[in-house]
Amino acid sequence: EWRRTDISALDLTAYDYVEADAAAGKRSDVHRGKRAGVIEFDNRRCVYSELSPELKEKGVRLISLSEAISEGDRTIEGLFEESIRHAVNRFQTWHYSQWTHGVFLYVPKFVEIREPFVLTFNEAGNGVFSAPHVVVVMETGARAIVVPRIRSGEEDAILFNEGPDVRVADAGSLGF
């Protein structure tokens, strides 16, 4: 818990937003192999997204959070409101007030998926602040695995404040 961590030496004002079109300069290798779905960001900008056609037919959704919000998905609004009310520390509260980009994954009732969903966040720059938000909604009996990956250059100084909102209904299962 952060209440036992001394963060007084961390200068949070030294980190700033980076332009969304600034590419991280690395291409991920997650597009190879068996995956249920892949979504990849270069500094806040979604640069690649793929979902198995069979899963699309079953109603599974893997899209950027901004796309889900622009479509007017009411699920996300309710999750945000509930999560903000239950935030237990200032990093969570800070995340909800400053989130920069993110992912929305929805798995309908009784859809079981063995292959993982891979979420890759490529970050680049020095003194960069990034706060991606990951929303996962698993309906009754749904099963899935989510693998988030964060990548940056060896010399980059990134303040990465990821915030997951995960809802798993009865008899559901999520490996995160």
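Key figures
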{"quantity": "Overall form of the chain per C-alpha gyration tensor (a/c, 1.5; a/b vs b/c)", "calculated": "oblate"}
{"quantity": "Tilt relative to the chain, helix 74-85 - C-alpha long axis, 0 to 90 degrees, to 10", "calculated": "50 degrees"}
{"quantity": "Antiparallel content of DSSP bridges confined to the chain, in %, to 5", "calculated": "20 percent"}
{"quantity": "Heavy-atom accessible area ranking, 1.4 Å probe, most first, across Arg45, Arg4", "calculated": "Arg4, Arg45"}
{"quantity": "Accessible area expressed per residue, the chain, with surrounding protein chains retained (probe 1.4 Å, Å²)", "calculated": "56 Å²"}
{"quantity": "Peptides ranked, highest mean first, by Cβ atoms within 10 Å: ranges 121-133, 151-163", "calculated": "121-133, 151-163"}
{"quantity": "Rel. contact order, % - alpha carbon contacts under 8 angstrom, at least six apart, segment 90-176", "calculated": "36 percent"}
{"quantity": "Efficiency of FRET from Cβ geometry, Glu67 and Ala87, R₀ 22 Å, rounded to 0.05", "calculated": "0.30"}
{"quantity": "Heavy atoms of Thr5 accessible to a 1.4 Å probe, total area in Å² rounded to 10", "calculated": "70 Å²"}
{"quantity": "Carbon plus sulfur fraction of accessible area for segment 33-176, probe 1.4 Å, in percent", "calculated": "46 percent"}
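The values are calculated or read from the model by the stated rules, or taken from the named source; none is laboratory data. Since this is a predicted model, take the numbers as computed values, not measurements. Quick reminder, even Gly has a Cβ in these numbers, built from the backbone with ideal geometry, and neighbours come from all protein chains shown. Note: accessible area is taken over every heavy atom of the protein model, side chains too, but ligands, DNA and RNA are not part of it. Shrake-Rupley method; radii C 1.70, N 1.55, O 1.52, S 1.80 Å.
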